[in-house]
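Each remark here refers to the structure printed beneath this line.
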Amino acid sequence: MLKYQRKYFILVILSLVFLVGCEGGSYKVIMGEVDARENSIIGEYNKFSGNYYKRIKLNRNDEIFVKFEKETKEGSLRVNLTNSDGEEFFSMNGLDKVNEKRFIIKKDGYYKMRVIADDHKGSFDLQWDIR
């Protein structure tokens, strides 16, 4: 019975470690929330500072289409994609309008789709489609 409990405990710990690695960042949200879904990150708040990311697995020759829409009342907000070495693959900021980009991934790996805010007040909707 003790062996079974030990295996169960290890499985639970490994599951938590895996889940924690999928999304996160270092950020502060006041009166609202930022949330990641399977292929999107959305947020609506009175103030958002810091960065929030979603970790995604991409393969060489994957085509990724990114759509970023935001409303800014104050502050600034931008989006980027970085590889596992922390190198920035692309960045989007723009004005209060829809920004769209389409590109081909050149290297297999885990990437971070990141939203970076500097005292941003408003909302955003970041979506991506991988083909």
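The values are calculated or read from the model by the stated rules, or taken from the named source; none is laboratory data. Everything quoted here is computed from the prediction, not taken from an experiment. Cβ sites come from the backbone with ideal geometry, for glycine too, and all protein chains shown count toward neighbours. Calculation scope for accessible area: heavy atoms of the full protein, side chains included, ligands and nucleic acids excluded. Shrake-Rupley method; radii C 1.70, N 1.55, O 1.52, S 1.80 Å.
In segment 77-105, which residues are open to solvent by 70 Å² or more (accessible area, probe 1.4 Å) and either at pLDDT below 90 or of a type in the set (A, V, I, L, M) (or both)?
Ser84, Asp85, Glu87, Glu88, Phe89, Asn93, Leu95, Asp96, Lys97, Glu100, Lys101, Ile104
Quick grid of which residues meet (1) open to solvent by 90 Å² or more (accessible area, probe 1.4 Å); (2) out of contact with any Gly (no Cβ under 8 Å at 6 or more places or on another chain); (3) in a strand (DSSP E or B); (4) modelled with pLDDT of 90 or more:
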residue	(1), (2), (3), (4)
Lys7	yes, yes, no, no
Gly24	no, yes, yes, no
Val29	no, no, yes, no
Tyr45	no, no, yes, yes
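Hey, can you tell me all the residues within segment 96-109 that are in a strand (DSSP E or B), under 13 Å from Arg60 (Cβ atoms) and of a type outside the set (A, V, I, L, M, F, W, C)?
Selection gives Gly109 alone.
So for segment 73-91 (the condition being touching a Phe, Trp or Tyr at 6+ places or on another chain (Cβ under 8 Å) and part of a loop (DSSP other than H, G, I, E, B)), does at least one residue qualify?
Yes; the residues of segment 73-91 include at least one that is touching a Phe, Trp or Tyr at 6+ places or on another chain (Cβ under 8 Å) and part of a loop (DSSP other than H, G, I, E, B).
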